[in-house]
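Right, one structure below, let's go through it.
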Amino acid sequence: MTADALILGAGIVGAACAAELAALGMRVEVLDAQGIGGGATAAGMGHIVVMNDSPAEFALSRYSRDLWLALAPQLRTRDAFARCGTLWVAADDEESQAARAMHAAFEAQGVTAQLLDAAALRACEPALAASMAGGLRIEHDSIVYAPTVSEWLLTQSSGVEKIRVRLGTRVTAISARGVTLADGERVSAEHVIVANGLGAQQLLPSLPLQPKKGHLLITDRYPGLIRHQLLELGYIKSAHHAAGTSVAFNAQPRPTGQLLIGSSRQFDTTDPAVDMPVLAQMLQRAARYLPVLPTLNGIRAWTGFRAASPDGLPLIGPAGDFAPGVWLAVGHEGLGVTTSLATAKLLAAQITGNTAPIPVEPYLPVRFAQQVAHG
Ligand SMILES: Cc1cc2nc3c(=O)[nH]c(=O)nc-3n(C[C@H](O)[C@H](O)[C@H](O)COP(=O)(O)OP(=O)(O)OC[C@H]3O[C@@H](n4cnc5c(N)ncnc54)[C@H](O)[C@@H]3O)c2cc1C
(Lines give C-alpha, C1' and ligand atoms only; values in the text may rest on other atoms or scores of the structure.)
Protein backbone atom coordinates (compact mmCIF):
# COMPACT_ATOMS: atom_id res chain seq x y z
CA MET A 1 0.00 0.00 0.00
CA THR A 2 1.17 3.52 -0.73
CA ALA A 3 -0.31 5.64 2.01
CA ASP A 4 -1.79 9.08 1.67
CA ALA A 5 -0.60 9.81 5.19
CA LEU A 6 2.25 8.31 7.17
CA ILE A 7 1.91 8.82 10.90
CA LEU A 8 4.90 8.45 13.14
CA GLY A 9 3.74 7.32 16.61
CA ALA A 10 0.90 5.10 17.84
CA GLY A 11 0.29 6.93 21.11
CA ILE A 12 -3.06 8.59 21.74
CA VAL A 13 -2.19 11.56 19.50
CA GLY A 14 -0.97 9.50 16.52
CA ALA A 15 -3.91 7.11 16.91
CA ALA A 16 -6.43 9.95 17.00
CA CYS A 17 -4.87 11.53 13.89
CA ALA A 18 -4.91 8.18 12.08
CA ALA A 19 -8.57 7.55 12.89
CA GLU A 20 -9.57 11.06 11.82
CA LEU A 21 -7.72 10.95 8.49
CA ALA A 22 -8.99 7.43 7.74
CA ALA A 23 -12.55 8.53 8.48
CA LEU A 24 -12.03 11.22 5.84
CA GLY A 25 -11.11 8.50 3.35
CA MET A 26 -7.32 8.75 3.42
CA ARG A 27 -5.14 5.64 3.41
CA VAL A 28 -3.06 5.87 6.56
CA GLU A 29 0.06 4.02 7.64
CA VAL A 30 1.08 4.25 11.31
CA LEU A 31 4.63 3.39 12.39
CA ASP A 32 5.72 2.83 15.97
CA ALA A 33 9.05 1.66 17.34
CA GLN A 34 7.23 -0.20 20.11
CA GLY A 35 3.54 -0.98 20.61
CA ILE A 36 0.24 0.90 20.48
CA GLY A 37 -0.40 3.31 23.34
CA GLY A 38 3.08 3.10 24.84
CA GLY A 39 5.18 6.19 25.56
CA ALA A 40 3.60 8.95 27.62
CA THR A 41 0.17 7.52 26.83
CA ALA A 42 0.90 4.43 28.92
CA ALA A 43 2.36 6.49 31.76
CA GLY A 44 -0.34 9.15 32.04
CA MET A 45 -3.44 9.59 34.13
CA GLY A 46 -6.11 9.89 31.43
CA HIS A 47 -7.97 12.76 33.04
CA ILE A 48 -10.05 14.58 30.43
CA VAL A 49 -10.21 18.07 31.81
CA VAL A 50 -11.10 21.56 30.66
CA MET A 51 -8.20 23.83 31.60
CA ASN A 52 -8.36 27.59 31.54
CA ASP A 53 -4.79 28.85 31.92
CA SER A 54 -5.05 30.67 28.62
CA PRO A 55 -7.80 31.20 26.03
CA ALA A 56 -6.00 28.85 23.63
CA GLU A 57 -5.70 26.09 26.22
CA PHE A 58 -9.35 26.54 27.13
CA ALA A 59 -10.52 26.41 23.50
CA LEU A 60 -8.57 23.24 22.72
CA SER A 61 -9.34 21.35 25.94
CA ARG A 62 -13.02 22.30 25.96
CA TYR A 63 -13.55 21.36 22.31
CA SER A 64 -11.65 18.11 22.80
CA ARG A 65 -13.56 17.20 25.95
CA ASP A 66 -16.78 17.56 23.95
CA LEU A 67 -15.35 15.21 21.32
CA TRP A 68 -14.57 12.68 24.08
CA LEU A 69 -18.11 12.93 25.43
CA ALA A 70 -19.42 12.23 21.93
CA LEU A 71 -17.03 9.30 21.43
CA ALA A 72 -17.65 7.72 24.84
CA PRO A 73 -20.77 5.67 23.97
CA GLN A 74 -18.72 3.73 21.41
CA LEU A 75 -15.92 2.84 23.82
CA ARG A 76 -15.68 -0.50 25.63
CA THR A 77 -15.65 -1.29 29.34
CA ARG A 78 -11.91 -1.84 29.20
CA ASP A 79 -11.43 1.74 27.95
CA ALA A 80 -12.58 2.76 31.43
CA PHE A 81 -14.31 5.95 30.36
CA ALA A 82 -16.18 7.54 33.26
CA ARG A 83 -17.79 10.94 33.49
CA CYS A 84 -16.74 11.36 37.12
CA GLY A 85 -16.23 15.13 36.96
CA THR A 86 -13.37 17.15 38.35
CA LEU A 87 -13.46 18.55 41.84
CA TRP A 88 -11.00 21.39 42.35
CA VAL A 89 -10.33 21.52 46.10
CA ALA A 90 -9.76 24.81 47.92
CA ALA A 91 -7.63 24.37 51.03
CA ASP A 92 -8.20 27.88 52.41
CA ASP A 93 -10.06 31.13 51.83
CA GLU A 94 -7.56 32.37 49.27
CA GLU A 95 -8.11 29.23 47.19
CA SER A 96 -11.89 29.57 47.65
CA GLN A 97 -11.50 32.97 46.07
CA ALA A 98 -9.63 31.32 43.20
CA ALA A 99 -12.49 28.81 42.91
CA ARG A 100 -14.99 31.66 42.61
CA ALA A 101 -12.91 33.33 39.88
CA MET A 102 -12.61 30.04 38.02
CA HIS A 103 -16.34 29.44 38.39
CA ALA A 104 -17.13 32.85 36.91
CA ALA A 105 -14.75 32.26 33.99
CA PHE A 106 -16.19 28.80 33.25
CA GLU A 107 -19.81 29.91 33.55
CA ALA A 108 -19.14 32.85 31.22
CA GLN A 109 -17.93 30.36 28.63
CA GLY A 110 -20.75 27.88 29.04
CA VAL A 111 -18.87 25.22 31.02
CA THR A 112 -21.11 23.73 33.71
CA ALA A 113 -19.53 24.19 37.13
CA GLN A 114 -20.79 24.32 40.72
CA LEU A 115 -19.21 26.12 43.63
CA LEU A 116 -19.17 24.10 46.85
CA ASP A 117 -18.82 25.43 50.37
CA ALA A 118 -17.06 23.39 53.05
CA ALA A 119 -20.20 21.44 54.00
CA ALA A 120 -21.12 20.66 50.38
CA LEU A 121 -17.55 19.57 49.70
CA ARG A 122 -17.64 17.18 52.66
CA ALA A 123 -20.96 15.74 51.52
CA CYS A 124 -19.53 15.26 48.04
CA GLU A 125 -16.19 13.76 49.11
CA PRO A 126 -16.23 12.62 52.76
CA ALA A 127 -12.64 11.31 52.59
CA LEU A 128 -11.21 14.81 52.10
CA ALA A 129 -9.63 16.49 55.14
CA ALA A 130 -12.23 18.26 57.28
CA SER A 131 -10.20 21.48 57.13
CA MET A 132 -10.82 22.00 53.40
CA ALA A 133 -12.60 25.28 52.67
CA GLY A 134 -14.63 24.36 49.59
CA GLY A 135 -14.31 23.55 45.94
CA LEU A 136 -15.44 23.79 42.37
CA ARG A 137 -17.06 20.85 40.61
CA ILE A 138 -16.79 20.57 36.82
CA GLU A 139 -19.49 18.13 35.96
CA HIS A 140 -18.57 16.74 32.55
CA ASP A 141 -14.85 16.26 32.95
CA SER A 142 -14.04 12.57 32.62
CA ILE A 143 -11.41 9.86 32.82
CA VAL A 144 -10.33 7.24 30.32
CA TYR A 145 -7.71 4.52 29.88
CA ALA A 146 -5.82 6.01 26.94
CA PRO A 147 -3.65 3.00 25.93
CA THR A 148 -6.69 0.86 25.06
CA VAL A 149 -8.44 3.80 23.39
CA SER A 150 -5.36 4.21 21.18
CA GLU A 151 -5.79 0.60 20.15
CA TRP A 152 -9.55 1.10 19.61
CA LEU A 153 -8.96 4.14 17.41
CA LEU A 154 -6.52 2.20 15.23
CA THR A 155 -8.48 -1.03 14.99
CA GLN A 156 -12.18 -0.38 15.58
CA SER A 157 -13.10 3.20 14.74
CA SER A 158 -14.93 3.91 11.47
CA GLY A 159 -12.54 3.79 8.54
CA VAL A 160 -10.08 1.34 10.12
CA GLU A 161 -9.90 -0.61 6.87
CA LYS A 162 -7.89 2.37 5.64
CA ILE A 163 -5.37 2.11 8.49
CA ARG A 164 -2.27 -0.05 8.46
CA VAL A 165 -0.19 -0.25 11.63
CA ARG A 166 3.44 -1.37 11.66
CA LEU A 167 4.82 -1.91 15.15
CA GLY A 168 8.44 -2.52 16.15
CA THR A 169 9.36 -0.11 13.36
CA ARG A 170 11.77 2.66 14.37
CA VAL A 171 11.99 5.71 12.15
CA THR A 172 15.46 7.23 11.92
CA ALA A 173 14.93 10.10 9.46
CA ILE A 174 12.02 12.03 7.99
CA SER A 175 11.43 14.24 5.00
CA ALA A 176 8.48 15.82 3.20
CA ARG A 177 7.46 12.70 1.29
CA GLY A 178 8.62 9.84 3.46
CA VAL A 179 10.65 8.33 6.27
CA THR A 180 13.66 6.08 6.63
CA LEU A 181 13.43 3.11 8.98
CA ALA A 182 16.18 1.71 11.19
CA ASP A 183 16.83 -1.11 8.70
CA GLY A 184 17.26 1.40 5.88
CA GLU A 185 13.83 0.82 4.29
CA ARG A 186 12.29 3.96 2.83
CA VAL A 187 8.52 4.42 3.22
CA SER A 188 6.87 7.17 1.22
CA ALA A 189 3.53 8.95 1.42
CA GLU A 190 1.83 12.12 0.34
CA HIS A 191 1.81 13.50 3.89
CA VAL A 192 4.21 12.75 6.74
CA ILE A 193 2.92 13.44 10.24
CA VAL A 194 5.23 13.50 13.24
CA ALA A 195 3.18 12.44 16.27
CA ASN A 196 5.79 10.58 18.27
CA GLY A 197 5.78 12.68 21.43
CA LEU A 198 9.18 13.32 22.91
CA GLY A 199 10.71 11.01 20.30
CA ALA A 200 10.31 13.89 17.84
CA GLN A 201 13.32 15.54 19.45
CA GLN A 202 15.67 12.85 18.18
CA LEU A 203 14.45 13.30 14.62
CA LEU A 204 14.10 17.08 14.69
CA PRO A 205 16.53 18.36 17.35
CA SER A 206 15.60 22.01 16.79
CA LEU A 207 12.02 21.43 17.99
CA PRO A 208 11.37 23.37 21.21
CA LEU A 209 10.36 20.37 23.34
CA GLN A 210 11.48 19.61 26.85
CA PRO A 211 10.84 16.47 28.92
CA LYS A 212 8.84 17.02 32.10
CA LYS A 213 9.05 13.96 34.31
CA GLY A 214 6.02 12.88 36.33
CA HIS A 215 5.34 10.23 38.99
CA LEU A 216 2.11 8.34 39.61
CA LEU A 217 1.13 5.73 42.18
CA ILE A 218 -1.79 3.30 42.10
CA THR A 219 -3.35 1.77 45.19
CA ASP A 220 -5.25 -1.37 45.93
CA ARG A 221 -9.04 -1.32 45.49
CA TYR A 222 -11.06 0.93 47.80
CA PRO A 223 -14.37 1.30 45.95
CA GLY A 224 -16.27 4.50 46.64
CA LEU A 225 -13.54 6.13 48.71
CA ILE A 226 -13.45 9.07 46.31
CA ARG A 227 -15.90 9.83 43.52
CA HIS A 228 -14.42 12.68 41.48
CA GLN A 229 -11.03 13.38 40.01
CA LEU A 230 -9.68 15.55 42.83
CA LEU A 231 -7.17 18.32 42.23
CA GLU A 232 -5.87 20.99 44.52
CA LEU A 233 -6.49 24.54 43.35
CA GLY A 234 -2.83 25.26 43.91
CA TYR A 235 -2.23 22.80 41.03
CA ILE A 236 -2.36 25.49 38.40
CA LYS A 237 0.46 27.41 40.09
CA SER A 238 2.69 24.42 40.86
CA ALA A 239 2.13 22.55 37.59
CA HIS A 240 3.39 25.42 35.53
CA HIS A 241 6.63 26.20 37.28
CA ALA A 242 9.09 26.83 34.51
CA ALA A 243 11.91 25.16 36.41
CA GLY A 244 12.59 22.97 39.41
CA THR A 245 10.55 20.19 40.96
CA SER A 246 6.96 20.62 42.10
CA VAL A 247 4.24 18.35 43.41
CA ALA A 248 0.49 18.85 43.59
CA PHE A 249 -2.41 16.80 44.91
CA ASN A 250 -4.24 14.93 42.18
CA ALA A 251 -6.28 11.76 42.81
CA GLN A 252 -8.40 9.74 40.43
CA PRO A 253 -11.02 7.09 41.23
CA ARG A 254 -10.42 4.25 38.78
CA PRO A 255 -13.50 2.23 37.78
CA THR A 256 -11.80 -0.75 39.50
CA GLY A 257 -11.99 1.05 42.86
CA GLN A 258 -8.26 1.78 42.79
CA LEU A 259 -6.93 5.28 43.40
CA LEU A 260 -4.42 6.81 41.03
CA ILE A 261 -2.37 9.39 42.90
CA GLY A 262 -0.29 12.20 41.36
CA SER A 263 1.38 14.38 40.54
CA SER A 264 4.94 15.59 40.21
CA ARG A 265 6.79 17.70 37.63
CA GLN A 266 10.55 17.67 37.17
CA PHE A 267 12.70 19.26 34.52
CA ASP A 268 16.30 18.51 33.60
CA THR A 269 16.12 14.75 33.99
CA THR A 270 15.59 11.92 31.57
CA ASP A 271 16.13 9.18 34.18
CA PRO A 272 12.95 7.06 34.18
CA ALA A 273 13.62 5.59 37.66
CA VAL A 274 11.17 6.36 40.44
CA ASP A 275 12.78 9.11 42.50
CA MET A 276 11.88 8.14 46.07
CA PRO A 277 12.21 11.62 47.64
CA VAL A 278 9.95 13.09 44.94
CA LEU A 279 7.45 10.25 45.33
CA ALA A 280 7.47 10.76 49.11
CA GLN A 281 6.92 14.50 48.68
CA MET A 282 4.03 13.82 46.31
CA LEU A 283 2.35 11.37 48.70
CA GLN A 284 2.84 13.66 51.70
CA ARG A 285 1.12 16.41 49.77
CA ALA A 286 -1.73 14.06 48.84
CA ALA A 287 -2.11 12.94 52.49
CA ARG A 288 -2.81 16.52 53.53
CA TYR A 289 -5.92 16.36 51.38
CA LEU A 290 -6.76 12.67 51.88
CA PRO A 291 -5.76 11.83 55.47
CA VAL A 292 -6.66 8.15 54.97
CA LEU A 293 -4.02 7.79 52.26
CA PRO A 294 -1.12 6.57 54.47
CA THR A 295 -3.27 3.60 55.56
CA LEU A 296 -3.91 2.44 51.97
CA ASN A 297 -1.78 -0.08 50.08
CA GLY A 298 0.13 1.43 47.21
CA ILE A 299 0.79 -1.34 44.72
CA ARG A 300 2.87 0.30 41.99
CA ALA A 301 4.58 3.59 41.23
CA TRP A 302 5.97 4.64 37.87
CA THR A 303 7.16 7.65 35.91
CA GLY A 304 6.58 9.13 32.50
CA PHE A 305 7.75 12.12 30.48
CA ARG A 306 5.49 14.85 29.15
CA ALA A 307 6.65 16.62 26.00
CA ALA A 308 6.48 20.29 27.03
CA SER A 309 6.65 23.25 24.67
CA PRO A 310 7.78 26.71 25.86
CA ASP A 311 4.22 28.10 25.99
CA GLY A 312 2.53 24.92 27.20
CA LEU A 313 0.52 24.52 23.99
CA PRO A 314 0.98 21.74 21.43
CA LEU A 315 2.47 22.19 17.97
CA ILE A 316 -0.20 21.26 15.42
CA GLY A 317 0.35 22.03 11.75
CA PRO A 318 3.10 22.47 9.15
CA ALA A 319 6.56 21.99 10.66
CA GLY A 320 7.89 24.86 8.54
CA ASP A 321 11.62 25.42 9.00
CA PHE A 322 11.78 22.62 11.55
CA ALA A 323 11.16 20.12 8.72
CA PRO A 324 9.84 21.59 5.46
CA GLY A 325 6.82 19.76 4.05
CA VAL A 326 6.26 17.69 7.21
CA TRP A 327 3.28 17.97 9.60
CA LEU A 328 3.58 18.11 13.40
CA ALA A 329 1.25 16.95 16.18
CA VAL A 330 3.54 17.06 19.21
CA GLY A 331 4.20 18.92 22.48
CA HIS A 332 0.97 18.06 24.34
CA GLU A 333 2.62 18.11 27.75
CA GLY A 334 0.22 17.07 30.53
CA LEU A 335 -2.96 17.38 28.46
CA GLY A 336 -2.33 15.11 25.49
CA VAL A 337 -5.06 12.61 26.30
CA THR A 338 -7.58 15.42 26.73
CA THR A 339 -6.52 17.28 23.58
CA SER A 340 -5.75 14.33 21.28
CA LEU A 341 -9.15 14.26 19.56
CA ALA A 342 -9.15 18.01 18.92
CA THR A 343 -5.56 17.81 17.68
CA ALA A 344 -6.66 15.26 15.08
CA LYS A 345 -9.49 17.53 13.89
CA LEU A 346 -7.20 20.58 13.61
CA LEU A 347 -4.51 18.64 11.79
CA ALA A 348 -7.00 17.03 9.40
CA ALA A 349 -8.55 20.41 8.59
CA GLN A 350 -5.14 21.82 7.69
CA ILE A 351 -4.16 18.81 5.59
CA THR A 352 -7.43 18.76 3.66
CA GLY A 353 -7.74 22.54 3.40
CA ASN A 354 -11.07 22.55 5.23
CA THR A 355 -12.15 25.11 7.79
CA ALA A 356 -10.93 24.15 11.25
CA PRO A 357 -13.55 23.82 14.01
CA ILE A 358 -11.62 26.25 16.23
CA PRO A 359 -8.90 28.72 15.19
CA VAL A 360 -5.60 26.93 14.59
CA GLU A 361 -3.27 29.92 14.94
CA PRO A 362 -2.31 29.51 18.64
CA TYR A 363 -1.06 25.98 17.96
CA LEU A 364 0.86 26.48 14.70
CA PRO A 365 4.53 25.44 15.02
CA VAL A 366 5.54 28.59 13.11
CA ARG A 367 5.05 30.62 16.31
CA PHE A 368 8.34 29.22 17.57
CA ALA A 369 10.17 29.61 14.28
CA GLN A 370 9.30 33.31 14.47
CA GLN A 371 10.71 33.54 17.98
CA VAL A 372 13.96 31.98 16.84
CA ALA A 373 14.16 34.31 13.84
CA HIS A 374 13.62 37.36 16.05
CA GLY A 375 16.19 36.21 18.56
C1 LIG B 1 2.64 11.30 34.68
C2 LIG B 1 1.78 11.81 33.55
C3 LIG B 1 0.45 12.10 33.79
C4 LIG B 1 -0.37 12.58 32.76
N5 LIG B 1 -1.68 12.78 33.00
C6 LIG B 1 -2.49 13.24 31.99
C7 LIG B 1 -3.87 13.45 32.21
O8 LIG B 1 -4.39 13.21 33.30
N9 LIG B 1 -4.61 13.94 31.18
C10 LIG B 1 -4.08 14.22 29.95
O11 LIG B 1 -4.80 14.70 29.08
N12 LIG B 1 -2.77 13.98 29.69
C13 LIG B 1 -1.97 13.51 30.69
N14 LIG B 1 -0.64 13.30 30.46
C15 LIG B 1 -0.10 13.65 29.16
C16 LIG B 1 -0.39 12.61 28.12
O17 LIG B 1 -0.16 11.32 28.65
C18 LIG B 1 0.49 12.85 26.90
O19 LIG B 1 0.39 14.22 26.51
C20 LIG B 1 0.05 11.99 25.72
O21 LIG B 1 -0.01 10.65 26.11
C22 LIG B 1 1.03 12.17 24.56
O23 LIG B 1 0.66 11.26 23.57
P24 LIG B 1 1.51 11.14 22.23
O25 LIG B 1 0.78 10.19 21.37
O26 LIG B 1 1.84 12.50 21.72
O27 LIG B 1 2.93 10.57 22.67
P28 LIG B 1 3.37 9.12 23.25
O29 LIG B 1 2.26 8.50 24.02
O30 LIG B 1 4.65 9.35 23.92
O31 LIG B 1 3.52 8.25 21.94
C32 LIG B 1 4.62 8.41 21.08
C33 LIG B 1 4.83 7.09 20.35
O34 LIG B 1 5.84 7.31 19.36
C35 LIG B 1 6.68 6.20 19.33
N36 LIG B 1 7.99 6.64 18.81
C37 LIG B 1 8.82 7.55 19.36
N38 LIG B 1 9.90 7.72 18.57
C39 LIG B 1 9.74 6.91 17.51
C40 LIG B 1 10.52 6.62 16.34
N41 LIG B 1 11.69 7.26 16.10
N42 LIG B 1 10.06 5.72 15.45
C43 LIG B 1 8.87 5.09 15.67
N44 LIG B 1 8.10 5.32 16.75
C45 LIG B 1 8.53 6.21 17.65
C46 LIG B 1 6.75 5.71 20.77
O47 LIG B 1 7.09 4.32 20.80
C48 LIG B 1 5.34 5.99 21.26
O49 LIG B 1 4.49 4.86 21.12
C50 LIG B 1 0.18 12.79 31.47
C51 LIG B 1 1.52 12.47 31.23
C52 LIG B 1 2.30 11.99 32.25
C53 LIG B 1 3.73 11.62 31.96
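The values are calculated or read from the model by the stated rules, or taken from the named source; none is laboratory data. In this text the structure is predicted, and so the values were computed from the model without any measurement. So basically every Cβ, Gly included, is an ideal-geometry build from the backbone, and we count neighbours across all protein chains shown. Areas reflect the complete protein model, heavy atoms only, side chains present, ligands, DNA and RNA absent. Shrake-Rupley method; radii C 1.70, N 1.55, O 1.52, S 1.80 Å.
The table below gives the values:
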| quantity | calculated |
| --- | --- |
| Cβ charges +1 (Lys, Arg) and -1 (Asp, Glu), total dipole of the chain, debye | 620 debye |
| Solvent-accessible area per residue for the stretch 1-114 (1.4 angstrom probe, square angstrom) | 36 Å² |
| Acute angle (nearest 10 degrees) that the helix 93-108 long axis makes with the longest principal axis of the chain, alpha-carbon atoms | 50 degrees |
| Surrounding net charge for Gln156, when Lys and Arg each add one and Asp and Glu each subtract one, Cβ distance under 14 Å | 0 |
| Selection from Ala113, Ala80, Ala123, by position along the positive dipole direction of the stretch 77-125 (Cβ) | Ala80 |
| For the chain, with +1 on Lys and Arg beta carbons and -1 on Asp and Glu, the positive-most of Ala189, Ala104, Pro147 along the dipole | Pro147 |
| For the stretch 24-117: relative contact order, % (alpha-carbon pairs under 8 angstrom, 6 or more apart) | 12 percent |
| Degrees, to the nearest 10: 12-23 long Cα axis against longest axis of the chain | 50 degrees |
| Cross-link partners of Lys212 among aspartates and glutamates (Cα-Cα below 19 Å; sequence separation of 8 or more within a chain) | Asp53, Glu57, Asp268, Asp271, Asp275, Asp311, Glu333 |
| Crossing angle, helix 146-155 versus the chain [Cα axis fit, 0-90 degrees, rounded to tens] | 30 degrees |
| Most mobile of Leu115, Leu198, Leu328 in a GNM of the chain (Cα contacts under 10 Å) | Leu115 |
| Overall dimensions of the chain by Cα: Rg and Dmax, Å | 20.4, 64 |
| Taking the chain and dividing mean pair separation by its residue count, relative contact order in percent (alpha carbons under 8 Å, at least six apart) | 23 percent |
| Residue of Ala182, Ala308, Ala56 that the Gaussian network model of the chain assigns the largest fluctuation, springs spanning Cα pairs under 10 Å | Ala182 |
| Mean residue ellipticity (222 nm) of the chain, computed from DSSP H runs ≥ 4 via -39,500 (n - 2.57), nearest 500 | -9000 deg cm²/dmol |
| Relative contact order (percent, whole number), the stretch 150-295, Cα cutoff 8 Å, 6+ residue spacing | 17 percent |
| Under 5 Å, built H, 5+ apart or other chain: amide partners of Tyr145 | Ala80, Phe81 |
| Selected from Thr270, Thr338, Thr86 as most flexible by GNM, with the chain as the system and alpha-carbon contacts under 10 Å | Thr270 |
| Net charge, Gly178 excluded, C-beta distance under 13 Å - Lys, Arg +1, Asp, Glu -1 | -2 |
